[in-house]
Amino acid sequence: MPGANVDAILTPEAKMHFVEHGYCVLPGLIPELVADRAAAAMHAALFKPDTVAFNKGCNKKRVEFGHLQSSDIMWDLQTKSPLHAVVDYLIGPNMPIKKPHHSFCQVATRPPDALRADMDLSEDLGNHRWHIDGCQGNGTPFAFSMLVGVALSDQSVKNHGNLCVWPGSHRRILPYVKKAFEAKETYFDHGRPNMGAGKQVLMNKGDVVLVHHKVCHQVSHNVSPLIRQQVYFRMSSPSHHRLSKSKVLLDDLWAEFPKIQDVVAAYELRKAGEPATPTASIADEGSSAPDKTSERASTYHVVDGEEISLRDEDVLEEMEKMDDPENPDDLVEDMTTPTGPPADEHDEL
């Protein structure tokens, strides 16, 4: 959306919350009409042939939204709102306005759960159930830069299919990820570290949540009578491939976020007990922060001149491996290759 005032949206408080906790919510970022069109398209898709399919190997129905994941209606969530400008500010510049030809988002629904006496509705939903996209088995710790969630249904109270995050886990988990990657071990093969209590993200329709890639997360139960509707974009910075290849991202959580380096520095000083006031960002001062204008922030990587989708055929293949719904711990669905746990154990958003 041309003319979006990013400074008014990404306030100093929002930036600090993002750096400290690894996520932040931007209320009402998506115009009502744009959000309504996307939600209506999701509802309408449920009545189209071949939308509802059965998983291979289990009796759980899943909803496929392949056509919507590459549709103009979903792309409008970025370009007909300030979201495009916000993402471009954080991990850009030069995010393409033109819609990619492939699937560029995840259209995620969460149907109502049947309430059971043994259902755990606590805040963290079980510390062992969180995941990080890509960090399953021998997956990549460099899957993308930032998860962007757009709420298309009410999640203003807990256990309405809310995204659950572990605040600050991006900092605590990085050493574990680095060690496993360098040792070529299966991620969390010896158990997942205790990240403490999770926090369900409360959002209204049209709100947006930004989540750092390394933040542990999962989905909560949906005890409401309605289907939870959400759209996720997995965004890569212009320098993502270069920084991944150089392994910089194993040590620096914020190498892909040049314009908030001042906030990162202020947080580190505050954590060390020294007062600090954020100044002009490194990028604004014309420093040598990573920023290649010839590269593009996008929902896909450009590798050797070829566009490599973050969520494409691999996503559709992995969607065929979802859990048995009778499992009471079946809370989460990850669109990356699951390893370690049994193949039918799947992480969800």
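The values are calculated or read from the model by the stated rules, or taken from the named source; none is laboratory data. What you see is a predicted model; the values in this text were computed from it and never measured. Because the Cβ atoms are built from the backbone with ideal geometry, glycine has one as well, and the counts that use them run over all protein chains shown. What goes into the accessible areas is simple: the full protein's heavy atoms, side chains included, and nothing from ligands, DNA or RNA. Shrake-Rupley method; radii C 1.70, N 1.55, O 1.52, S 1.80 Å.
Selection of strands (runs of 3 or more DSSP E) fully inside region 1-115 by the criterion of at least 2 residues being open to solvent by less than 20 Å² (accessible area, probe 1.4 Å) and at pLDDT 90 or above returns 23-26, 106-110.
Six or more apart or on different chains, Cβ atoms under 6 Å: show the pairs whose first residue is in region 249-272 and surrounded by 17 or more Cβ atoms within 10 Å (Cβ to Cβ) and whose second is among the acidic types (D, E). The qualifying pairs are P258/D291; Y267/E20. Can you tell me which residue within region 225-242, out of those that are out of contact with any strand residue (DSSP E or B) (no Cβ under 9 Å at 6 or more places or on another chain) and open to solvent by 10 Å² or more (accessible area, probe 1.4 Å), is nearest to H84 (Cα to Cα)? The qualifying residue nearest to H84 (Cα to Cα) is R242. Just one residue in the set D207, D154 is touching a His at 6+ places or on another chain (Cβ under 7 Å) and of a type in the set (D, E, K, R); that residue is D154. The residues in region 147-176 that are over 17 Å from V219 (Cα atoms) and touching a strand residue (DSSP E or B) at 6+ places or on another chain (Cβ under 6 Å) can be counted, and the count is 1.
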